[in-house]
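Heads up: the structure comes next, in structure tokens.
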Amino acid sequence: MTKWLAIAFSIFIVIVIILADMGTLPGLIRSLYDFPNGDKLGHFILYGILSLLLNLAFTLRPGLNLLRTILTVSLTLAALIGLEEWSQSLFGSRTMDIVDLLASYAGVAVAALTAWQVRKWPLRV
């Protein structure tokens, strides 16, 4: 189940990025973060959820080196997020923002720590 949630949320994030790049992000999504620093909170939450789901999905198999797997997943995601943030400079309707990037990275880090704690518990999620 976790794997399918991670796949579905990854697809959702890609769709949101594509719509934003095309300048056709639906008003409902834009209105969710239409307050001061709402876009930063959106980056933190969305990439945090993605990080949590990916880390939980990739750590399902017993016998893995938990720390190495979470670091690999999180650093790979961070690199992709950095590329996506940089790619915004290629679109007239987007603005590359280092604070957005830092908010995204903070979401990834908090979610990675959460996944670490969840996987350390005896009850598997």
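The values are calculated or read from the model by the stated rules, or taken from the named source; none is laboratory data. Predicted model only: the values in this text are computed from it and were never measured. As a convention, Cβ positions derive from the backbone with ideal geometry for all residues, glycine included, and neighbour counts pool all protein chains shown.
Confirm whether I49 is modelled with pLDDT of 95 or more, more than 26 Å from M96 (Cα to Cα) and not hydroxyl-bearing (S, T, Y). No; evaluated as a whole, the condition is false for this residue.
Do we find a residue being among the β-branched types (V, I, T), in a helix (DSSP H, G or I), surrounded by fewer than 15 Cβ atoms within 10 Å (Cβ to Cβ) and touching a Lys or Arg at 6+ places or on another chain (Cβ under 9 Å) anywhere in segment 63-74? No, segment 63-74 contains no residue that is among the β-branched types (V, I, T), in a helix (DSSP H, G or I), surrounded by fewer than 15 Cβ atoms within 10 Å (Cβ to Cβ) and touching a Lys or Arg at 6+ places or on another chain (Cβ under 9 Å). Does L80 satisfy the criteria of being part of a helix (DSSP H, G or I) and over 20 Å from I15 (Cβ atoms)? Against the criterion (part of a helix (DSSP H, G or I) and over 20 Å from I15 (Cβ atoms)), L80 does not qualify.
A112: out of contact with any Asp or Glu (no Cβ under 7 Å at 6 or more places or on another chain), surrounded by 19 or more Cβ atoms within 10 Å (Cβ to Cβ), among the small types (G, A, S) and assigned to a helix (DSSP H, G or I), yes or no? Answer is yes for this residue.
Which of the residues spanning segment 59-107 are modelled with pLDDT under 95, more than 15 Å from I17 (Cβ to Cβ) and either touching a helix residue (DSSP H, G or I) at 6+ places or on another chain (Cβ under 7 Å) or polar (S, T, N, Q) (or both)? If the condition is that a residue be modelled with pLDDT under 95, more than 15 Å from I17 (Cβ to Cβ) and either touching a helix residue (DSSP H, G or I) at 6+ places or on another chain (Cβ under 7 Å) or polar (S, T, N, Q) (or both), then T59, L60, N65, L66 are the ones that fit. Restricting attention to segment 17-41, the residues being touching a residue at least 40 places away in the same chain (Cβ under 8 Å) and surrounded by 11 or more Cβ atoms within 10 Å (Cβ to Cβ) number 7.
Do we have L102 as part of a helix (DSSP H, G or I) and surrounded by 12 or more Cβ atoms within 10 Å (Cβ to Cβ) here? Spelling it out, L102 is indeed part of a helix (DSSP H, G or I) and surrounded by 12 or more Cβ atoms within 10 Å (Cβ to Cβ).
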